[in-house]
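*Asks:* Below are the structure tokens for one structure; questions will follow.
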Protein chains: 2
Amino acid sequence: MTGEFDFIDNLLNKTTKNKPRFSAVKIGIGDDCAVISQNSKTDLVITADMLVEDIDFRLDWRRAEFVGHKALAVSLSDVAATGAKPLWAMISIGIPEKIWKTDFVEKFYAGWFDLAKKFNVELVGGDVSRTPDKIVIDSIVAGEAKKNCAILRNGAQAGDLIFVTGKLGGAAAGLRLLESGFRFDSEKGSRKNFIRKQLAPNPQIEIGLKLSEKKLATAMLDLSDGISSDLSHLCRASKVGARLIAEKIPLEKNLLQVLKQNEDVISFALNGGEDFELLFTARPKDKNKLEKLFGEKTTFIGQITDDVGKIELARESKIILLEPQGFRHF
Amino acid sequence: MTGEFDFIDNLLNKTTKNKPRFSAVKIGIGDDCAVISQNSKTDLVITADMLVEDIDFRLDWRRAEFVGHKALAVSLSDVAATGAKPLWAMISIGIPEKIWKTDFVEKFYAGWFDLAKKFNVELVGGDVSRTPDKIVIDSIVAGEAKKNCAILRNGAQAGDLIFVTGKLGGAAAGLRLLESGFRFDSEKGSRKNFIRKQLAPNPQIEIGLKLSEKKLATAMLDLSDGISSDLSHLCRASKVGARLIAEKIPLEKNLLQVLKQNEDVISFALNGGEDFELLFTARPKDKNKLEKLFGEKTTFIGQITDDVGKIELARESKIILLEPQGFRHF
């Protein structure tokens, strides 16, 4: 087996080959969510995200409530990235016996339900299993989009403008702080803020919904691996290229606090993952509308090009080719 | 945290407390599948099952294709137990790096797709992650039931007859053989058959569908933990009791081959899990209809009583109280 993205391509070929003659499935593998026809007015969108202890999260870095929050948040973020309204969820959880005997599970669900309540998400099922050693969580969230209105990765066209929600680099800064021994409970100010962004990200449901409702986004995904990597997924799906403008990238405040000597803050923000903000493209004519609607909640950061597969960064009158450097499991 | 069934009750209370005011969810936690209203003619049913290496399966016991087959089969069996038609599925899989480098993943999906094709199930998504040490699979399958026709666990009434599909004890016999060092590839005859039943069970989709279509089952679930345990779930949900008739229990052929000295074959079949047959109840007036429709594919094995929570076994003119002895994770 090669890398995980080749693996996904390979699966996509297999499902296409084996597709049943009559199928309600409109979008399967390869987007943030699968999109399935459910009635004449709406489509169902659904996503699954697996979180593994010591790979995707560390228990000594966080309260159990944060694990529950994040497990739901990452899947809600996928639903947000299609512009759908989240409705219900399932959680499968594998737990070692020694953790089962603690209050982890109780606190995990407390964190999960706190976030679920905020978005009216209902827990409908899942599974509980024992694992030999590490906690494993599979988070499944389903939502509802207006018929044929789910926003996909493949709709960007050359000339479209690129936008991002929120500020970038905060979650990566939080990760670095945690790796250096800082902890949420003992920090305050920017450091606490960075760590919170890493441990308990906020899915951008409202903005996703509004973009879908007003038909303003031509393509969208959520930033899980880092822009350099995620934008290349969007460009690949849309068969386009992109040029980002370095000085437009919205940086989280006080990032310099966590940078190493001579480290570049723009690269840090572009390659740092887990911001769970939305990256979307829109037609140039809708720029004013977007600015009016969202104010500083979204930022124009570049433009789609017809240079297929090429992601460039315009910086101080130079054009640099951007290599995807985000997180990969394999 | 106490046992896993208390845990599920606890979750059910939490979801009830947090239920959104407007909800399409008809049945949530606690049945084989969640049931969700999707349009005026059909309901969506959906289930998730987590399988963990060395807890739920062992790699040295089986070909990777069997792992793929079983991951899908256990969830299809849950869909079968609601009488629904399976439609689409997701797989989340966590894999250690050393396994990723082998042909495991390729063969896993080959086994998965072989079974999926048989039931026209389409893979629509999932996730792939790295694990530190052991393989973890979360299998999600969704199906479609006619509006308000999904068969639940809670519909059994005193006087209803109890039926089971297929023969019991084969999968438990296979497990015992595997534990004793016998392997699928080197066996033949009954032993190979038992091991196949353990490694690659057949979900009873057709019978489930027919029971739903003809409205013949008042309650149903699939046999994953063993009848003694699964029947107690059904009785608990329906607030009834049950009396099984020992000599009616349909035993897999040649079970005696694997029994220990003085071991009781009926107890072995009642407590052995993973047969993935269907256990259902029906009105007495429908007994002939069922026999005509299914012949030897289903067997009458007892009757529902009003002795709430009590599972009895009538055997050689004695009545024995049956304690649930099936598999539990915690």
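Bear in mind that the values in this text are calculations on the coordinates, not laboratory data. As the structure is a computational prediction, the values presented were derived from the model and not from experiment. With ideal geometry, Cβ positions are generated from the backbone for all residues, glycine too; neighbour counts draw on all protein chains shown.
*Asks:* Give me B:Cys149, A:Cys235 sorted ascending by neighbouring Cβ count inside 10 Å, so fewest comes first.
*Replies:* Least crowded to most crowded, the residues run B:Cys149, A:Cys235.
*Asks:* Can you give the % of DSSP beta bridges in chain A that are antiparallel, to the nearest 5?
*Replies:* The antiparallel fraction comes to roughly 75 percent.
*Asks:* Separate question: Within chain A, what's the longest stretch lacking trypsin sites (Lys or Arg not before Pro) that sit in DSSP loops with no more than 16 other Cβ atoms inside 10 Å?
*Replies:* Numbers: sites that count: A:Arg21, A:Lys41, A:Arg58, A:Lys101, A:Lys147, A:Arg183, A:Lys188, A:Lys214, A:Lys215, A:Lys239, A:Lys253, A:Lys260, A:Lys310, A:Arg328.
Counting at most 16 other Cβ atoms within 10 Å as exposed, the longest clean stretch of chain A is A:261-309.
*Asks:* Over 5 Å intervals from 0, what percent of Cα-Cα pairs in the stretch A:6-76 sits in each interval?
*Replies:* P(r) for the stretch A:6-76, in whole percents per bin: 3, 13, 17, 17, 15, 13, 11, 7, 4, 1.
*Asks:* At 7 angstrom along the Cα-to-beta-carbon line, where would the label on A:Ala110 sit relative to the other copies? Give the distances in nm, shortest first.
*Replies:* Label point to label point, same position, other copies: 4.9 nm.
*Asks:* Taking the stretch B:215-265 as the region of interest, what is the percent of Cα-Cα pairs per 5 angstrom bin, listed from the shortest bin to the one with the maximum distance?
*Replies:* 4, 14, 20, 24, 17, 10, 7, 3, 0
*Asks:* In the stretch B:82-205, what is the volume of the convex hull around the alpha carbon atoms, normalised per residue and reported in Å³?
*Replies:* Hull volume over Cα atoms, normalised by residue count, gives 171 Å³.
*Asks:* Related question: Please report the antiparallel percentage of the DSSP beta bridges confined to the protein assembly as shown, to the nearest 5. Don't skip to the answer; put the middle values down first.
*Replies:* Values: 94 of 122 bridges.
Here the share of antiparallel DSSP bridges comes out near 75 percent.
*Asks:* Identify the chymotrypsin sites (Phe, Trp or Tyr not before Pro) of the stretch B:1-102 meeting these criteria: DSSP loop state and at most 14 other C-beta atoms within 10 Å of the C-beta.
*Replies:* Qualifying residues, ordered by number: B:Phe22.
*Asks:* Just how far, in whole angstrom, is the stretch A:60-97 from the stretch A:192-228 if you go by their alpha carbon centroids?
*Replies:* That distance is 14 Å.
*Asks:* Something else about it: Return the long-range amide H neighbours of B:Gly126 (sequence gap of 5 or more, or a different chain), with a cut-off of under 5 Å between placed amide H atoms.
*Replies:* Counting only residues 5 or more places away or on other chains, the set is A:Ala48, B:Ile91.
*Asks:* From the phi angles alone, apply the Karplus equation (6.51, -1.76, 1.60; θ = phi - 60°) to the stretch B:308-318 and give each ³J(HN,Hα) in whole Hz, x where the residue is Gly or Pro.
*Replies:* 3, x, 9, 10, 10, 10, 8, 9, 6, 6, 10
*Asks:* Go through the stretch A:248-265 residue by residue and turn each phi into a ³J(HN,Hα) via Karplus (6.51, -1.76, 1.60, θ = phi - 60°); whole Hz please, and just put x for glycine and proline.
*Replies:* Rounded to whole hertz, the list is 8, 4, x, 8, 4, 4, 6, 4, 4, 3, 9, 6, 7, 4, 6, 7, 8, 5.
*Asks:* Another question, then. Determine, at each q value in 0.20, 0.27 (inverse angstroms), the log₁₀ of I(q)/I(0) that the Debye formula gives when each Cα of the stretch A:87-158 is one equal point scatterer.
*Replies:* Those come out to -0.89, -1.24, one per q.
*Asks:* Take the Cα atoms of the stretch A:223-303, find their three principal axes, and give me the spread along each one in whole Å, biggest first.
*Replies:* Between the extreme Cα coordinates on each principal axis of the stretch A:223-303 lie 42, 29, 20 Å.
*Asks:* Going by Cα centres, the stretch A:154-173 and the stretch B:293-317 are how many Å apart?
*Replies:* 61
*Asks:* Can you give the alpha-carbon Rg of the stretch A:32-136 over 2.2 N^0.38 Å, where N counts its residues?
*Replies:* For the stretch A:32-136, the normalised Cα radius of gyration is 1.14.
*Asks:* Next question, about the same structure. Between the label point of A:Arg21 and that of the same position in each other copy, find the distances and list them shortest first in nm, with every label point placed 7 Å from Cα along the Cα-to-C-beta direction.
*Replies:* For A:Arg21, the other copies' label points sit at 4.8 nm, shortest first.
*Asks:* Using a 7 Å offset from Cα along the direction of the beta-carbon, what are the separations from A:Leu293 to the same position in each other copy, nm, ascending?
*Replies:* Those label-point separations list as 5.1 nm.
*Asks:* Using the Karplus curve 6.51 cos²θ - 1.76 cosθ + 1.60 with θ = phi - 60°, work out ³J(HN,Hα) for each residue of the stretch B:277-282 in order, rounded to whole Hz, and write x for Gly and Pro.
*Replies:* In residue order, the calculated couplings are 8, 9, 10, 9, 10, 8 Hz.
*Asks:* Please compute the net charge surrounding A:Ala173, taking Lys and Arg as +1 and Asp and Glu as -1 over other residues with Cβ under 13 Å from its Cβ.
*Replies:* Local charge sum for A:Ala173: +2.
*Asks:* Would you kindly calculate the translational diffusion coefficient of chain A, applying Stokes-Einstein with the Kirkwood radius from alpha carbon pairs, for 37 °C and a viscosity of 0.692 mPa s, and quote it in µm² s⁻¹ without decimals? Please report the intermediate quantities before stating the final value.
*Replies:* Working: Rh = 20.5 Å.
The calculation lands on 161 µm²/s.
*Asks:* Here is a further query. Out of the stretch A:270-321, which GluC sites (Glu not before Pro) are coil in DSSP terms and have no more than 15 other C-beta atoms within 10 Å?
*Replies:* A:Glu316
*Asks:* Take the protein assembly as shown, compute every pairwise Cα distance, and split them into 20 Å bins from 0; I just need the percent in each bin.
*Replies:* In whole percents, the pair-distance histogram is 19, 50, 25, 6, 0.
*Asks:* Then there's this: Under a crude label model (7 Å from the Cα following the beta-carbon direction), how far is A:Gln325 from B:Gln257 in nanometres?
*Replies:* Simple spin-label model gives 6.2 nm for this pair.
*Asks:* With both partners inside the stretch B:218-330, how many of the DSSP beta bridges are antiparallel, as a percent to the nearest 5?
*Replies:* Restricted to the stretch B:218-330, the bridges split so that about 75 percent are antiparallel.
*Asks:* Please report how far the C-alpha centroid of the stretch B:112-150 lies from that of the stretch B:233-271, rounded to the nearest whole angstrom.
*Replies:* 30
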